[in-house]
Amino acid sequence: MCGIVGYVGPKKATPILIEGLKRLEYRGYDSAGVALMNGGGIHVTKRPGKIRELERALAKNLSSATCGIGHTRWATHGAPTEPNAHPHTAMDGEIALVHNGIIENADALRSQLQKEGYVFASETDTEAVVHLIDHLWQEGQPLEIAVAAALRKVDGAYGIAVISSRDPGKIVVARKGSPLLIGVGQNGEMLIGSDAAAVIAHTREVVYLDDGDYAVIDAEGYRTFQIEGAEVSRSVHEVTWDLTAIEKGGFEHFMLKEIFDQPNSLRDVIRGRLLEEEGDVRLGGIRDHAAELAQVKRIVVMGCGTSWHASLVGEYMLEEFARIPVSVEYASEFRYRNPVIEPGTLALAISQSGETADTLAAMHEATRNGASTMGIVNAVGSTIARQTDYGIYLHAGPEIGVASTKAFTSQLVALALFTLFMGRRRHLSVLQGREIVTALQELPDLVEEVLKVNDEVRDVAKAYMDCRNFLYLGRGYQFPVALEGALKLKEVSYIHAEGYPAAEMKHGPIALIDDDMPVVVLAPRDPVYKKVVSNIEEVKARHGRIIAIVSDDAPEIQDKVDYMIKVPQTIPCLLPVLTTVPLQLLAYHMAVLRGADVDQPRNLAKSVTVE
Ligand code: G6P
C-alpha cells in the first residue's frame with residue numbers, strides 16, 4: 001500500500017524513479033508523483049491515475065536531476081486528486097516528502113501549524129509532516145535533524161523519504177510500522193524503496209530499516225540512526241531472487257504467471273524440509289523452539305483476506321493431526337476485542353507481504369497478552385517476519401498480482417509442514433507422518449497436472465461471464481477453498497460471489513438459487529464427498545447451474561452438473577492445494593473476458609499497511 005522509491009547517484013534520476021514506481025505499482029495505483037532535485041531547486045510532478053500518466057507528463061520536460069524521490073499512492077486521507085498526490089512540499093517548495101502509512105495526530109498537527117501561518121494545499125495527513133519539518137528546522141542544521149525532530153512529534157505509522165534544496169544531494173528516510181529499505185548500489189549510487197522490487201534492477205544488496213530508525217543517504221553511502229538520536233548499525237542483506245521474478249516472463253498478466261508458477265513455488269516451500277524416513281520435517285526457523293512448541297496448549301491464527309482463508313485450512317490440519325485446539329481470527333477484529341490469551345498460547349500470524357497493518361497489530365496485541373508469536377510469511381525481512389519470535393518462510397518469491405494465488409497454496413503447504421512438526425512432537429505416528437510427507441512430495445507435480453485444465457476453465461468462464469452472482473460451496477477442508485474461490489472472483493472480475501459451507505446453504509442461501517445462479521461445488525473424493533453429493537442434489541432440484549470440481553469421474557454427480565473439472569487425487573488435507581487452482585483460473589478468465597484490470601483491480605492494494 002503506497003510505494004516509495006528514491007535515487008541519488010551519478011545517473012539521471014527520472015527513468016530510475018519511473019522504473020522503480022512501475023515495479024511498485026501493485027502497492028497502490030490511485031496517483032503517482034516524483035520530486036527531483038535539480039540545480040537550485042526541487043521540481044515536483046504528480047498526476048492522478050496510473051504511473052503511465054506521470055511518465056507522460058515527465059517525458060515532456062526531461063530533467064537532468066540526479067537525486068529524487070517518487071511515490072505511488074493508495075488513497076486513505078483525501079480523494080486521489082493531483083493536490084492529494086505525493087510528494088508534498090513545504091510552502092516555499094524547498095522540502096519534498098513522500099509517505100506511506102497514516103499519521104494519527106495529523107488533525108492536531110494541522111491546526112497547530114495553521115495557527116503558525118502554514119497554509120495546506122491538500123487534504124492528506126502527510127502534508128502536516130512536511131510543514132512540521134519546515135517549522136522545526138533551525139538555520140544551519142542538516143535536514144536529518146529537522147526530520148528526526150518532527151518525527152518525535154508524530155504519532156502513527158510511516159515510511160517516509162524527504163529531500164530538500166536547503167541540504168541538497170541527500171535523501172532522509174525513516175520508518176515506523178511501514179516498510180522501507182535502502183538499496184546499496186555500486187559506483188556512487190544509492191537507492192531506497194518500499195520493498196526490494198523497487199531497487200532490484202540496480203542492486204541486490206539491501207538494508208532493512210528497523211521501526212524507529214531513520215537514515216541519511218547520499219552518493220557516498222548511508223548512515224542509520226534511531227529517531228531518539230543514537231547512531232545504529234544495520235546489516236546488509238542479499239536479495240535471493242532476481243529481476244525475472246518480478247517480470248511477466250511471456251504471460252499476459254502477473255496473476256496468470258503466478259498461477260502457473262505454483263509447481264515451482266510449491267517445490268520451493270518444501271525444498272530441503274521433508275524427512276521421508278522419519279515422516280517428519282526439518283524447519284530451520286522453528287527448530288530451536290521445538291521444546292517450547294511441544295508445550296503449546298492452544299494456537300490462535302491471525303490473518304487477513306486470502307491469508308485468513310489459508311489459516312482456516314491450517315485450523316483443520318492442526319486439529320486433525322496435531323490435536324491442538326486452534327482458533328482463527330480476523331486480525332482486524334482480534335485487535336479490538338479483549339481476547340482471552342491463556343499461558344501456553346501461540347499466536348501464529350499468516351501474511352504474504354509480512355506488512356499487513358491489521359495482522360501486525362493483532363500480533364502486538366497477542367504479545368501484550370503474553371503469547372509467543374510465530375509467522376508464516378513470504379516476504380523475507382518484512383516487519384512481521386522480523387517481529388515474530390520465530391517462523392517459516394514460504395520462499396514463493398515476489399507475488400505481484402494483487403489477488404494472491406501462489407502465496408495461498410504455499411501457505412497451505414507451510415501450514416501442513418508446521419502441522420507435521422507439531423504432530424510428530426505429539427501423537428502423530430511415523431507412518432502417518434510418512435503418508436503426509438509422500439503426499440507433499442507429489443504435490444508440485446499434481447499441480448502441474450491441474451494446470452492442464454486451463455482451456456477447459458476458460459470455456460466455463462465464457463459460458464458464465466455475464467452472470468452477476470456466484471455461490472461457492474464446500475465442506476470440511478474444502479469450505480475455506482469455497483471462500484477463497486469466491487474472494488478471487490470478487491477481487492478480479494467484480495462479480496458478486498459468496499463462499500458458504502455446503503451444508504449451511506439450506507439455512508439461507510438456498511433461497512437465492514434459480515436457473516440463473518451458477519453454483520461452484522467443491523466435490524473431490526474425501527470423507528465428506530457423499531454429503532456434498534446430497535448438497536448438489538439440493539441445488540439441482542432448484543435448477544441451479546452447477547460447476548463441480550472433482551477428483552475422479554464422480555459417477556454420482558455426472559448427470560447433475562453442467563460442468564465438471566477434474567483434479568488429481570491426494571490426501572484430503574492437501575486437496576485444497578489442487579482444488580484451488582481451477583478456481584484461480586476461473587476468476588482470472590472471467591476477469592479477462594470482462595475486460596477487467598486483472599493485476600491491479602480497482603480499489604485494492606497488494607499490501608495493506610494501514611488499518
Ligand atoms: C490485501 C490483499 C489480499 C491479501 C490481504 C492480506 O487485502 O489485496 O490479496 O490477501 O491483503 O495480505 P497479506 O500480505 O497479509 O497476506
- Query: From the residues in the range 403-420 that are open to solvent by less than 10 Å² (accessible area, probe 1.4 Å) and not in a helix (DSSP H, G or I), which one is nearest to the ligand (Cβ to nearest atom)?
  - Reply: ALA403
- Task: Only one of these is modelled with pLDDT under 90 and small (Gly, Ala, Ser): ALA503, ALA523. Name it.
- Result: ALA503
- Of all residues in the range 309-326 being in a helix (DSSP H, G or I) and open to solvent by 30 Å² or more (accessible area, probe 1.4 Å), the one that is nearest to the ligand (Cβ to nearest atom): GLU315
- Residues of the range 328-343 satisfying the condition of being in a helix (DSSP H, G or I) and either near the ligand (Cβ under 8 Å from one of its atoms) or open to solvent by less than 30 Å² (accessible area, probe 1.4 Å) (or both): ALA331, PHE334
- Go through the range 354-389 and count every residue that is basic (Lys, Arg) and either within 14 Å of the ligand (Cβ to nearest atom) or in contact with a strand residue (DSSP E or B) (Cβ under 8 Å, 6 or more places away or on another chain) (or both). 1
- Counting only residues that are crowded, with 24+ Cβ neighbours inside 10 Å and either of a type in the set (Val, Ile, Thr) or over 18 Å from the mean Cα position of the chain (by Cα) (or both), the range 599-611 contains a total of 1
- Conditions (1) part of a strand (DSSP E or B); (2) within 16 Å of the ligand (Cβ to nearest atom): number failed by LEU346: (2)
- Query: Given the conditions (1) surrounded by 19 or more Cβ atoms within 10 Å (Cβ to Cβ); (2) not in a strand (DSSP E or B), which single one is not true for HIS77?
  - Reply: (1)
- Where residues in the range 390-401 are within 20 Å of LEU583 (Cα to Cα) and buried (at least 24 other Cβ atoms within 10 Å of the Cβ), which of them is farthest from the ligand (Cβ to nearest atom)? ALA396
- Please find, among VAL44, VAL5, the residue that is in contact with a strand residue (DSSP E or B) (Cβ under 6 Å, 6 or more places away or on another chain) and more than 22 Å from GLN186 (Cα to Cα). VAL44
- the range 449-475, residues that are assigned to a strand (DSSP E or B) and surrounded by fewer than 21 Cβ atoms within 10 Å (Cβ to Cβ): ASN469
- The listed residue being open to solvent by 10 Å² or more (accessible area, probe 1.4 Å), without any contact (Cβ under 8 Å) to a residue 24 or more places away in the chain and charged (D, E, K, R), out of ASP553, ASP526, ASP514: ASP553
- Message: With the structure loaded, tell me whether PRO576 is assigned to a helix (DSSP H, G or I), within 16 Å of the ligand (Cβ to nearest atom) and closer than 30 Å to ARG434 by Cβ or whether it fails that test.
- Response: yes
- Item | Of the criteria (1) surrounded by 16 or more Cβ atoms within 10 Å (Cβ to Cβ); (2) more than 25 Å from GLY177 (Cβ to Cβ); (3) within 28 Å of the chain's Cα centre (by Cα), which one CYS67 fails | (3)
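The values are calculated or read from the model by the stated rules, or taken from the named source; none is laboratory data. Here the structure is a predicted model, which means the values were calculated and not measured. As a convention, Cβ positions derive from the backbone with ideal geometry for all residues, glycine included, and neighbour counts pool all protein chains shown. Only protein heavy atoms, including side chains, enter the accessible area calculation; ligands, DNA and RNA are left aside. Shrake-Rupley method; radii C 1.70, N 1.55, O 1.52, S 1.80 Å.
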